[in-house]
Amino acid sequence: MAIKHQRIIEDESTRKIGFLSRLVNFLEDVYEDAECADLYYTITSIEEESVIVEGVDCNYPLSESIDVFMDKYDLYAEEGIGRKHYTELYDEVVRVYKSTLHYTMKNYAARSLQKHVEYYLGILFSGKAFLVEGEGDKVIIPGGLNQCFAAHTHPSNLPIPSQADVRSITNLFLDRGIGHVIETVGPSLAIYRRAPLSIEDLEVLKTLDRYRSIDELFRALGSLKSITLTYF
């Protein structure tokens, strides 16, 4: 039996995606807990994973919410002047992936087409990542790993998600992950959050693997207010 390709990755890009993803969920929780009308942030240090948070018209003390959630997300935050709207972070996570690991996965997409196997990259909230080779059109993903972002290759020219892909992507969103990219030798498809998931969107997500055609699936995904699809 041939040995499957496996890699553990931890570099500047995986650490940055992990931090930004934790920061997204931290700000979502602070926003909800303090009942703010709006929220802004300024990252003071990527290396030290520190941030300044500014709340607008909060019903409860922002500093208390910051203190409650800071340790949970393993970052440092304090109240101050924020220069960016917190929803800009979702796109920033995808931009970091697109400018770094996207090129790695494009190379694996070429291998995928040649060998007719899929490769899966899972980035953890901790900033570490794993890359595993599958068999044919499936990849066995290690269990118990809290992923914030993922990507996998398709041995084709079109990034059309399978039902197994839909289940994997749905589980990532339910675990408060940010997004998933399907990589091919042609275009790439990013499916990612751009806002906190609403109860309505969660209910739709739980039914996505029931759709029998790609048109129905994309219509359902397009109806979600907190999730967007982008090709690059």
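Could you please let me know if ASP11 is of a type in the set (Asp, Glu) and either exposed (fewer than 15 other Cβ atoms within 10 Å of the Cβ) or in the same structural domain as SER99 (by TED's automatic domain parsing) (or both)? Give the steps one after another, and end with the answer.
Details: of a type in the set (Asp, Glu): yes; either exposed (fewer than 15 other Cβ atoms within 10 Å of the Cβ) or in the same structural domain as SER99 (by TED's automatic domain parsing) (or both): yes.
Yes: the conditions hold for ASP11.
The set of residues in segment 102-137 that are part of a helix (DSSP H, G or I) and either out of contact with any Asp or Glu (no Cβ under 9 Å at 6 or more places or on another chain) or among the polar types (S, T, N, Q) (or both) comprises TYR103, THR104, ASN107, ALA110, SER112, LEU113, GLN114. Going through (1) free of Cβ contacts under 8 Å to residues at least 40 places away in the same chain; (2) more than 30 Å from PHE232 (Cα to Cα); (3) under 24 Å from the mean Cα position of the chain (by Cα) one by one, GLY80 falls short only on (3).
Mind checking whether some residue in segment 69-77 is under 18 Å from ALA195 (Cα atoms) and either assigned to a helix (DSSP H, G or I) or in contact with a Gly (Cβ under 7 Å, 6 or more places away or on another chain) (or both)? Scanning segment 69-77, I find no residue that is under 18 Å from ALA195 (Cα atoms) and either assigned to a helix (DSSP H, G or I) or in contact with a Gly (Cβ under 7 Å, 6 or more places away or on another chain) (or both), so the answer is no.
Yes or no, residue by residue, for (1) in contact with a His (Cβ under 8 Å, 6 or more places away or on another chain); (2) within 21 Å of PHE130 (Cβ to Cβ):
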position: PHE69; (1), (2): no, no
position: ASP74; (1), (2): no, yes
position: GLU78; (1), (2): no, no
position: GLU92; (1), (2): no, no
position: ARG95; (1), (2): no, no
position: LYS98; (1), (2): no, yes
position: TYR103; (1), (2): no, yes
position: ARG111; (1), (2): no, yes
position: GLU118; (1), (2): yes, yes
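Of all residues in segment 82-105, none are of a type in the set (Gly, Ala, Ser), in the same structural domain as GLU47 (by TED's automatic domain parsing), closer than 14 Å to LEU20 by Cα and modelled with pLDDT of 95 or more. Per the listing THR153, THR184, THR230, the residue uniquely modelled with pLDDT of 90 or more and in contact with a Pro (Cβ under 9 Å, 6 or more places away or on another chain) is THR184.
The values are calculated or read from the model by the stated rules, or taken from the named source; none is laboratory data. These numbers come from a predicted model, not from an experiment. In this analysis, Cβ positions are derived from the backbone assuming ideal geometry, glycine residues included, and neighbour counts consider all displayed protein chains.
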